[in-house]
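Chemist: Below: one structure in structure tokens.
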């Protein structure tokens, strides 16, 4: 387990301020970034992963500053970002690229450990039987699980996921989130996941960081996430159902489990 | 008012040189008449010019109707009768019925194919392929002597395989995603230069290097492949998406790993499809290069032309059709298999064979359309 500390992070794209002075700390938790589209969730994750260079501020993993893409930070993308033409196994194996030379990786001469690790990761996400299947022939949910497996093969200290279930149907979304949580728990990895479906976030998250217009609105634990906070984050329109206790969000993953009940737990 | 009497007519008025009145309408009519007169004069001048050039051309090529008339019987002879006609007459025996109908004697073609070893010959004695790989313990051993058709195929295969790594190198280095902007143009320009010169001319240029041989033909195809296949690779690389590249980058992979895993992996199938297309094109180019000395079926056709042995020429042409047509069909099948998601129009069997001559010419001259 490890600690991610984000300190006064600011990111500007020209005149547009995507993130402004955001600080938080996540330790050994399954943390969720909440916020509307454009609130800065993706930018935050991309900065932590090193795909985007922050304008100012610091990112620390277990106390040491990090920058650039690195193997101990795994990333799961909304659009999977897998190599579609090859098998799930080879995609998972790309998680080990940082540990081997170019030639080794091209010839697939990775150690047996790495290869078994790839299959282990696929087993964790329930895809061991499909390991030899080409990714392009898999469903969106399965592809995303391969993405999780790739992240696990990196043997990360921190797992990031940028809207991992935004393009999935509710049932698949629940499955994928379940596997993501399981992966993080089984491998003792701190996770930071951005989501826009409040009910899913409330069900899986242990800590909630709300972003609005690039600024941190709240940073609360499970017990402190109230419908009022959600209202403030999204404005009134989207959470009418939530406040009434009759959530009709299409991403409602469990008919019997009402969103308000989840939150009040 | 309507109609005119002969006395009315005047030449100067007709051509528009004589005014017929003062009103604007009358003046306009005169003006229009003069304009059309000028147009007629120019047309006449043009026709006379074309006539003169045409006449001079006929004179220069020794055009003579008399020659056509005297030679006509000889032409017919070359077609079906004579010593070695294009279509040697024979009979087609209908089995069981005992009837036979006059038809082209394919035996004559076959005889020449065997005699000149256009396909391949199997000789007894020696060891397989003459390489001494299999000692003749239990049998006398055979030697396979590949014929002209396989020489052509070998030129294409050797040239393609030699050019492939170069094409991959130039193709990847030309991509702006791999090599930053001004520098990738060095590679781009090299490929453009190669493509600007047709394969036929590359053969001529390379003659001092390896003679008028199949070897030179293969080298010409190698150079040609570098330019064309490389360009196709570059085009393909322009269309890759950023997602997988970011995916691989996020794992902490090095730049040298991002290129093969994030980029090339996206276009691997397309690359194989282009290689199949290029091989097909190169077989046609090898036939064309044979006609100017590059060996194989092309050279055989050229030799028989010089000897005026029409049956033998036709035998070569039949094999050329078979070779180029079947290679195209095979390549097409491979490509449509690889591009399962895309709509690839499949060439029909008949079309593949009918279009052979036109495609041989365009392949040899380096003009190739994207399929």
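Chemist: Taking helices (runs of 4 or more DSSP H) that fall entirely within segment B:245-327, which contain at least 1 residues that are within 14 Å of chain A (Cβ to nearest Cβ), in contact with a helix residue (DSSP H, G or I) (Cβ under 8 Å, 6 or more places away or on another chain) and surrounded by fewer than 22 Cβ atoms within 10 Å (Cβ to Cβ)?
Modeler: Working: elements: B:255-258, B:265-289, B:296-306.
Hits in segment B:245-327: B:255-258, B:265-289.
Chemist: A further question follows. Could you check segment A:84-109 and list, in sequence order, the residues that are under 23 Å from residue A:48 (Cβ atoms) and within 7 Å of chain B (Cβ to nearest Cβ)? Break it down into steps so the answer makes sense when it comes.
Modeler: Initially, segment A:84-109 is screened for residues under 23 Å from residue A:48 (Cβ atoms), giving A:91-92, A:94-99.
Answer for segment A:84-109, where residues must be under 23 Å from residue A:48 (Cβ atoms) and within 7 Å of chain B (Cβ to nearest Cβ): A:94, A:95, A:97, A:98.
Chemist: Being more than 30 Å from residue A:233 (Cβ to Cβ) and either touching a residue at least 40 places away in the same chain (Cβ under 8 Å) or more than 14 Å from chain B (Cβ to nearest Cβ) (or both) narrows it down to one residue among A:197, A:133, A:144, A:137; which is it?
Modeler: Values: A:197 fails: more than 30 Å from residue A:233 (Cβ to Cβ); A:144 fails: more than 30 Å from residue A:233 (Cβ to Cβ); A:137 fails: either touching a residue at least 40 places away in the same chain (Cβ under 8 Å) or more than 14 Å from chain B (Cβ to nearest Cβ) (or both).
Checking each option against the conditions leaves just A:133.
Chemist: Please enumerate the residues belonging to segment A:75-130 that are more than 24 Å from residue A:160 (Cβ to Cβ) and either buried (at least 18 other Cβ atoms within 10 Å of the Cβ) or in contact with a strand residue (DSSP E or B) (Cβ under 8 Å, 6 or more places away or on another chain) (or both). Lay out the reasoning, then the answer.
Modeler: So the first thing to find is which residues in segment A:75-130 are more than 24 Å from residue A:160 (Cβ to Cβ), and the list is A:85, A:87, A:101-104, A:106-109, A:111-113, A:115-116, A:128-130.
Correct list: A:85, A:87, A:130.
Chemist: Now for a separate question. Going residue by residue through segment A:56-74, is there one that turns out to be within 10 Å of chain B (Cβ to nearest Cβ), in contact with a strand residue (DSSP E or B) (Cβ under 7 Å, 6 or more places away or on another chain), at pLDDT 90 or above and buried (at least 19 other Cβ atoms within 10 Å of the Cβ)?
Modeler: Yes, that holds for at least one residue.
Chemist: Among the numbered criteria (1) over 30 Å from residue A:133 (Cα atoms); (2) surrounded by fewer than 20 Cβ atoms within 10 Å (Cβ to Cβ); (3) modelled with pLDDT under 90, which one does residue A:8 miss?
Modeler: All conditions are met except number (3).
Chemist: Please find, within segment A:202-222, the residue that is farthest from residue A:75 (Cα to Cα) out of those that are touching a helix residue (DSSP H, G or I) at 6+ places or on another chain (Cβ under 9 Å) and outside any strand (DSSP E or B). Break it down into steps so the answer makes sense when it comes.
Modeler: The initial filter retains those residues of segment A:202-222 that are touching a helix residue (DSSP H, G or I) at 6+ places or on another chain (Cβ under 9 Å), namely A:202-212, A:214, A:217-218, A:220, A:222.
Among the residues that remain, those that are also outside any strand (DSSP E or B) are: A:202-206, A:214, A:222.
Numbers: A:202: 21, A:203: 21, A:204: 18, A:205: 17, A:206: 19, A:214: 21, A:222: 24 Å.
Residue satisfying both the conditions and the ranking: A:222.
Chemist: Within the group B:55, B:82, B:90, which residue is surrounded by 11 or more Cβ atoms within 10 Å (Cβ to Cβ), farther than 30 Å from residue B:14 by Cα, modelled with pLDDT of 90 or more and more than 30 Å from the chain's Cα centre (by Cα)? Working first, answer last.
Modeler: Numbers: B:82 fails: modelled with pLDDT of 90 or more; B:90 fails: modelled with pLDDT of 90 or more.
After ruling out the rest, the residue left standing is B:55.
Chemist: Let me ask something else. Just to check your reading of the model, which residue among A:176, A:165, A:193 is crowded, with 22+ Cβ neighbours inside 10 Å and assigned to a helix (DSSP H, G or I)? Give the derivation first.
Modeler: Working: A:165 fails: assigned to a helix (DSSP H, G or I); A:193 fails: assigned to a helix (DSSP H, G or I).
It is A:176.
Chemist: Here is a further query. Taking the stated definitions as given, is residue B:204 in the same structural domain as residue B:159 (by TED's automatic domain parsing), within 18 Å of residue B:154 (Cα to Cα) and in contact (Cβ under 8 Å) with a residue 24 or more places away in the chain?
Modeler: Working: in the same structural domain as residue B:159 (by TED's automatic domain parsing): yes; within 18 Å of residue B:154 (Cα to Cα): no; in contact (Cβ under 8 Å) with a residue 24 or more places away in the chain: yes.
No.
Chemist: Checking residue A:49 against (1) in contact (Cβ under 8 Å) with a residue 60 or more places away in the chain; (2) facing another protein chain (nearest Cβ under 8 Å); (3) more than 23 Å from residue A:17 (Cα to Cα), which test does it fail?
Modeler: Tallying (1) in contact (Cβ under 8 Å) with a residue 60 or more places away in the chain; (2) facing another protein chain (nearest Cβ under 8 Å); (3) more than 23 Å from residue A:17 (Cα to Cα), residue A:49 fails exactly one: (3).
Chemist: Within segment B:108-129, does at least one residue satisfy the condition of being part of a helix (DSSP H, G or I), within 27 Å of residue B:216 (Cα to Cα) and at pLDDT below 85?
Modeler: Yes: one or more hits.
Chemist: Of the residues in segment B:203-244, how many are farther than 22 Å from residue B:271 by Cα and within 14 Å of chain A (Cβ to nearest Cβ)?
Modeler: 0
The values are calculated or read from the model by the stated rules, or taken from the named source; none is laboratory data. These numbers were taken from a predicted model, which means no experiment stands behind them. Positions of Cβ are generated from backbone atoms using ideal geometry, with glycine treated the same way; all protein chains shown enter the neighbour counts.
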